[in-house]
Amino acid sequence: MGASTNAILGIAFLVLALFLTFLMYHLWGYPFDKEKHKSSAPRSLMNLHRLFGYVFVGIYVVLMWDMVPRLWSYQIELPARTVIHLTLGLAVGAILIIKIVVVRFFKHMESTLAPFLGTALLLCTLLLTGLALPYAARETYLRATAQDGANFSQDRIERVTTFLPQIGFTDEAGLLTLASSAGLAEGRDVLTRKCTQCHDLRTILVKPRTPEAWHSTVTRMATRATTLNPISESEQWSVTAYLIAISPTLREVASDRRALGIEASASQQAVRQSGATELQDYDPIAAKNLFEAKCSQCHSPTLVERSTFASRDDVVALVTRMVSNGLTADDAELSQIIAYLTDSFAGTQSQ
């Protein structure tokens, strides 16, 4: 089941929980005959609550049917978020069973326990969907961005045609299928449906690899796939073809990331050098204007002014963080900003 389907079912699950809890509180307001174990609430509302309760249980079963098989992955220890998610899911199931048993077989306890069980269901559902929906939305976004049309261009198709035979794919007819827009789209779909049962796309697509390394990675992932959602040999080649096709895109992204990292490191070094250099032509008014112009690009200058600086080192540390977050300035401008903040807020005089 795809991330978008999971997200839709999760939203429906939450909406139903809110609606059923609201309706339960409304029905709870009607007199209850404890001798006959029967509420005086309108039969239509009771049936409505029961009907949507069955729908709620059905969605829960579908979601758990999709989630539980993912636990049989190669991971020895589950991530903390997964453990919490599973715990809440099992808690919802346990509360549902208790509530159904009380309503069906222990009518004398219904008026007392049912409202509290319903409230507990709502709280667990809120926590469960709060953990799951943001990640499902991110996964849906990553799936969409993985569908870059450039990855299906003719040069990418030629790339697949060239490299697949070099790593052991010998089926010429199959090569024509894999090295096509439809074949690459199929590989992308297998990637987003099956490879994410153990990893998210960010982990898989973190860096480019050689064609042979991609095939080795996909084969290793296939051996660790869940029993209920295996990755066949043809699907392995399909995913490999897609990953070979998108490697140039991944390389560009990785290069941009490295360039940003190098630029940030250089900028941070420039801040440290500027902070260590005594400024000879400090102009307080010009420095203040420069500070306000630069810092207002990301936030209000008053946010910085409210910070507490014990020394010039504190100022340098702050400006270094600002550079890491995207502040662009040359050495002279950084020196002016550091001098202004030190002179105005650190209690010391710049030279």
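Figures for the structure shown
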| item | result |
| --- | --- |
| Output for region 324-351, where each listed residue is modelled with pLDDT under 75 and in a helix (DSSP H, G or I) | 324 |
| Residue within region 79-93 that is modelled with pLDDT under 75, surrounded by 13 or more Cβ atoms within 10 Å (Cβ to Cβ) and under 17 Å from residue 128 (Cα atoms) present | yes |
| Test: residue in region 142-155 that is part of a helix (DSSP H, G or I), open to solvent by 30 Å² or more (accessible area, probe 1.4 Å) and at pLDDT 75 or above | yes |
| Candidate set: region 205-218, residues that are outside any helix (DSSP H, G or I) and over 22 Å from the mean Cα position of the chain (by Cα); chosen: the one modelled with the lowest pLDDT | 209 |
| Residues that are without any contact (Cβ under 8 Å) to a residue 12 or more places away in the chain and either in a helix (DSSP H, G or I) or among the hydroxyl-bearing types (Ser, Thr, Tyr) (or both), drawn from region 77-99 | 80, 82, 83, 87, 90, 94, 97 |
| Residue in region 112-131 that is nearest to residue 11 (Cα to Cα), counting only those that are modelled with pLDDT under 85 and open to solvent by 30 Å² or more (accessible area, probe 1.4 Å) | 130 |
| Close pairs (6 angstrom Cβ cut-off, 6 or more residues apart or separate chains): closer than 16 Å to residue 67 by Cα and assigned to a loop (DSSP other than H, G, I, E, B) in region 223-234, modelled with pLDDT under 75 and among the polar types (S, T, N, Q) anywhere | 226/197; 229/197 |
| Residues of region 166-189 that turn out to be over 17 Å from residue 247 (Cα atoms), without any contact (Cβ under 8 Å) to a residue 60 or more places away in the chain and not in a loop (DSSP other than H, G, I, E, B), as a count | 6 |
| Those residues of region 94-106 which are open to solvent by 30 Å² or more (accessible area, probe 1.4 Å) and within 24 Å of residue 132 (Cβ to Cβ), in sequence order | 94, 97, 98, 99, 100 |
| Subset of region 219-244 that is at pLDDT below 85 and in contact with a helix residue (DSSP H, G or I) (Cβ under 7 Å, 6 or more places away or on another chain) - its residue that is surrounded by the most Cβ atoms within 10 Å (Cβ to Cβ) | 231 |
| Any hit, region 250-268, residues being open to solvent by less than 80 Å² (accessible area, probe 1.4 Å), assigned to a helix (DSSP H, G or I), at pLDDT 60 or above and of a type in the set (S, T, N, Q) | no |
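The values are calculated or read from the model by the stated rules, or taken from the named source; none is laboratory data. Since the model is a prediction, treat every value here as computed from it, not as a measurement. Positions of Cβ are backbone-derived with ideal geometry, glycine not excepted, and every protein chain shown enters the neighbour counts. Protein only, heavy atoms only, side chains kept; ligands, DNA and RNA dropped before computing areas. Shrake-Rupley method; radii C 1.70, N 1.55, O 1.52, S 1.80 Å.
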